[in-house]
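Notes for the one structure printed next.
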Amino acid sequence: FGEQTISGKVETYRASTPKLRTEAQVSDLRGSGAGWHLQVNYDTEKPGFVTTNNQVLKGAELTFPAGTTKSTQDNQSAQPVANTVIVGNEAQNIMDATSMTGLGTCVDDMNTQDITLKVPSGNMQGDYTATLVWTLTDAPA
């Protein structure tokens, strides 16, 4: 999200990288059609955005948009569903494949600038980072 100036109001920053697209990819090669869920949450040891001195970026919201699901060429499986997610401490489904969907390789293709970080006023200056945990499961959501 780059270097930002402290503001006296809520600010929403857009992700910026050399790439215009960001992808989350799952390859389900089991052939069972059982379905799956790709989940994301903050690391439980350092939830949210923190500095090296453990200063927390209070009230910050990291949002991943519901991108466009795609699969490899000639994939005959129905596509999974992509979901908008505000990352939190609990795992949330960013991509869902119900029974008999999401077979083969599937991608949630997101516009990088649609990934946002909302920061309320009243936070300390610092270099904040967050660790995200990505989980792939075939358990009920």
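The values are calculated or read from the model by the stated rules, or taken from the named source; none is laboratory data. Predicted model, so just to flag it, every value in this text is computed and none were measured. Note: ideal-geometry Cβ built from the backbone for every residue, glycine included; neighbour counts use all protein chains shown. Quick note on the areas: whole protein, heavy atoms, side chains included, nothing else; ligands and nucleic acids left out. Shrake-Rupley method; radii C 1.70, N 1.55, O 1.52, S 1.80 Å.
Protection proxy ranking for 54-65, 127-138, 97-108, 4-15, using the average of other Cβ atoms within 10 Å per residue and placing the highest first: 97-108, 54-65, 127-138, 4-15. Label separation (Thr44 vs Leu132): 2.0 nm, computed from points 7 Å beyond Cα along the C-beta direction.
Here the stretch 1-60 has 49 percent of its accessible surface on carbon and sulfur atoms, given a 1.4 Å probe and all protein chains in place.
For the pair Gln73 and Met100 in one chain, pulling the backbone fully straight at 0.36 nm per residue adds 7.9 nm over the alpha carbon distance. With the simple model of a label 7 Å out from the Cα in the direction of the Cβ, Thr63 to Ser27 spans 3.3 nm. Per residue, the solvent-accessible area of the chain (1.4 Å probe, heavy atoms of protein chains only, all protein chains present) comes to 60 Å².
Within the straight-line cut-off of under 30 Å between alpha carbons, the lysines reachable from Lys70 are Lys19, Lys118, sequence neighbours fewer than 8 places apart in one chain being disregarded.
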